[in-house]
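Structure first, then comments.
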Amino acid sequence: MSSREILSKLRSIANYQFGKGAGEALLPDSIKVSFSPRTGRIRHVYYRRKLLATLRPTDGFLALTPEGAARLLRSLPPPKLRVVLSDDVSIPVLSGRNAFAKHVKDADPNIRPHDEVIVTDERDRLLAVGRAVLSGKEMLIFKRGVAVKVRRGALEGHGHEEDKPQAS
C-alpha cells in the first residue's frame, strides 16, 4: 500500500468516526505511520514526531492522543465531539482522572457510549481524551457515575516518540 493510499484510508476512518472534514484536520499530508511488526497493520500515526492517534486493532477506529485532539478542537465547532466539564475539576482531569457526570456542563448530543471524545473546560481548552461511558444526553441528565473514561490527560505527556517511525 502506498503512502497516499494509507493517508486516504486513515482520513476515511477519521471522517467516518469524527465527522466530515476531520480526516484532513487531524491528518496532514506529511504524517508518518508505524506498523505492527507481528501483523503488519497500521499501529501509530505521527506528525512531527508526535503521536496523533493509534489505530485500535479491536475495532479499526482511531484512539486520539492530546495532540490529535488539539488538532480536531481547532477545526470542529463546539460542541462537536466534546464533553465540557466545570472548571473546578480541570486539574484532576488534566492529570488523567476520569470525568464524572455530575461535573458535565455540556456534551455533544450525538455522543454514544464507547465513542472517542475530547474533554474540555468551559473555555474550550483541552483537558483530556477518552471514551464515553454514557451518551451525550445521559451525561447531562445523570448526576452520578463516570461520564468519560479518560485515557490520557493533557498534562500526562505527549505521546510515544519513536526514533525511526516507518515512513509511508
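What's the angle, to the nearest 10 degrees (0 to 90), between helix 3-18's Cα axis and the longest principal axis of the chain? That helix lies at roughly 10 degrees to the long axis. Over all other residues within a Cβ to Cβ distance under 12 Å of ARG41, the charged ones net out to +4, with Lys and Arg as +1 and Asp and Glu as -1.
Each DSSP beta bridge with both residues in region 22-168 is either parallel or antiparallel, and the antiparallel ones are about 90%. Which angle from 0 to 90°, rounded to the nearest 10, does the C-alpha axis of helix 66-75 make with the longest principal axis of the chain? Result, in degrees: 80. Its DSSP H runs of at least 4 residues, each contributing -39,500 (n - 2.57), put the calculated 222 nm mean residue ellipticity of the chain at -7000 deg cm²/dmol, to the nearest 500. Take the Cα of ARG38, step 7 Å toward its Cβ, do the same at ILE91, and the gap between the two points is 4.1 nm.
Straightening the chain between LYS143 and GLU5 buys 45.2 nm, computed as 0.36 nm per residue apart minus the Cα-Cα spacing. Among the listed pairs LYS20/LYS50; LYS9/LYS137; LYS102/LYS149; LYS102/LYS137; LYS9/LYS149, a Cα-Cα separation exceeding 20 Å is found for LYS20/LYS50; LYS9/LYS137; LYS9/LYS149.
Listed by chain and number, the aspartates and glutamates whose alpha-carbon sits under 19 Å from that of LYS143, ignoring those within fewer than 8 places in the same chain, are ASP87, ASP88, ASP106, ASP108, ASP121, GLU122.
In terms of its alpha-carbon gyration tensor, region 79-153 comes out rounded; the largest-to-smallest axis ratio a/c stays below the 1.5 threshold.
Only the coordinates and a few stated rules stand behind these numbers; no lab work does. All values reported here derive from a predicted model rather than from experimental measurement. A quick note on method: Cβ atoms are made from the backbone with ideal geometry, for glycine too, and the neighbour counts reach across all protein chains shown.
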